[in-house]
1. What residue, among those in segment 204-218 that are under 18 Å from residue 128 (Cβ atoms), of a type in the set (A, V, I, L, M, F, W, C) and open to solvent by 10 Å² or more (accessible area, probe 1.4 Å), is farthest from the ligand (Cβ to nearest atom)?
2. List, please: which pairs have Cβ atoms under 9 Å, are six or more places apart or on different chains, and start with a residue in segment 120-137 that is closer than 19 Å to residue 148 by Cα and end with one that is basic (Lys, Arg) and surrounded by 23 or more Cβ atoms within 10 Å (Cβ to Cβ)?
3. Here is a check on your reading of the model: is residue 148 open to solvent by less than 70 Å² (accessible area, probe 1.4 Å), within 16 Å of the ligand (Cβ to nearest atom) and β-branched (Val, Ile, Thr)?
4. Being in contact with a strand residue (DSSP E or B) (Cβ under 9 Å, 6 or more places away or on another chain) and open to solvent by 40 Å² or more (accessible area, probe 1.4 Å) narrows it down to one of 62, 67, so name that one.
5. Give the residues of segment 65-98 that are more than 12 Å from the ligand (Cβ to nearest atom) and among the acidic types (Asp, Glu), sorted by residue number.
6. For segment 1-59, which residues satisfy the criterion of being charged (D, E, K, R) and in a strand (DSSP E or B)?
7. Kindly provide the set of residues from segment 165-186 that are assigned to a helix (DSSP H, G or I) and within 8 Å of the ligand (Cβ to nearest atom), ordered by number.
8. Which of the residues belonging to segment 115-139 are part of a helix (DSSP H, G or I), over 14 Å from residue 161 (Cα atoms) and among the hydrophobic types (A, V, I, L, M, F, W, C)?
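The values are calculated or read from the model by the stated rules, or taken from the named source; none is laboratory data. Since this is a predicted model, take the numbers as computed values, not measurements. Note that each Cβ is placed from the backbone with ideal geometry, even for glycine, and that neighbours are counted across all protein chains shown. Accessible surface areas use protein heavy atoms only, side chains included; no ligands, DNA or RNA. Shrake-Rupley method; radii C 1.70, N 1.55, O 1.52, S 1.80 Å.
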Amino acid sequence: MSPRARTALIAGNWKMHTTQATARDLARAVADIAAAPGVADAVDVLVAPPFTALAAVADVARGTPVRVAAQDMHWADTGAFTGEVSPVMVAELATHVILGHSERRHGFGETDGDVNRKAHAALAHGLVPIVCVGETLAERDAGKTDAVVARQVDAALEGAAPDEAGRAVVAYEPVWAIGTGRACDPAEAGRVMRLIRQRVAAAFGAPAADAVRLVYGGSVTPDNAAAYFADPDIDGALVGGASLKADAFGAIIRAAAVAPGAPAPAGARKEQPT
Ligand code: 13P
């Protein structure tokens, strides 16, 4: 089995959970898992705490393999935007930022245009945007899944340079699968991933499509994770509920580390013909 084309990414979206103290504890436990032999080489591990715990978690993560993401941000560098957080502020503490999560789109009225402005701001500040896309149950039932996902992907990345699109992460999170225990069938998730990769290829070319990491989100658990990672077009997971427990999140991380096509452990790799 050839190594995966892209390093797996396992990201925990802590949503509106954790205090500074509990966030520190969880981040320490995740850092131990991420640094374990066989994991550190194979999987990029990311946690997205709420803004109030971002600095605390960034402190814990420093010097460990764990990367830190914000869950959202405004697109402007500074300004009179009460309650908002800017890319300049996020870039002090994080390497990634989740954008266009369905809870922002559907709970707070975020538009495709907002997500596009935020994605440009993230890229301009050296942050990796994790752009979330996905259809509602009504859209799926109406046969609109592909059209909705294609529109959201196109809109989010519109105007980006090919190398910027290649640096981005797209999370396919069907809205009906989030927090419901009703995970998307892995074959269907893989089908949508290939659609997303085709959209990126059409807009930005094959190198960008080969580089962009596509992760699945929606009721990922230790029990179902491996089925997603067996698909070469599913480069990891964006995990909600199961990322709040180090044991469960650790099991998902380890599933990615041993997935078919994951890089062999460093010792074994040396023995492979070059
Ligand atoms: P759950 O894993 O709790 O379904 O949440 C998924 C999600 O929204 C991650 O961003």
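1. This residue is 204.
2. What qualifies is 131/118.
3. no
4. One residue alone meets the criteria, 67.
5. Scanning segment 65-98 gives 77, 84, 92.
6. 44
7. Residue satisfying the conditions is 177 alone.
8. 115, 137, 138
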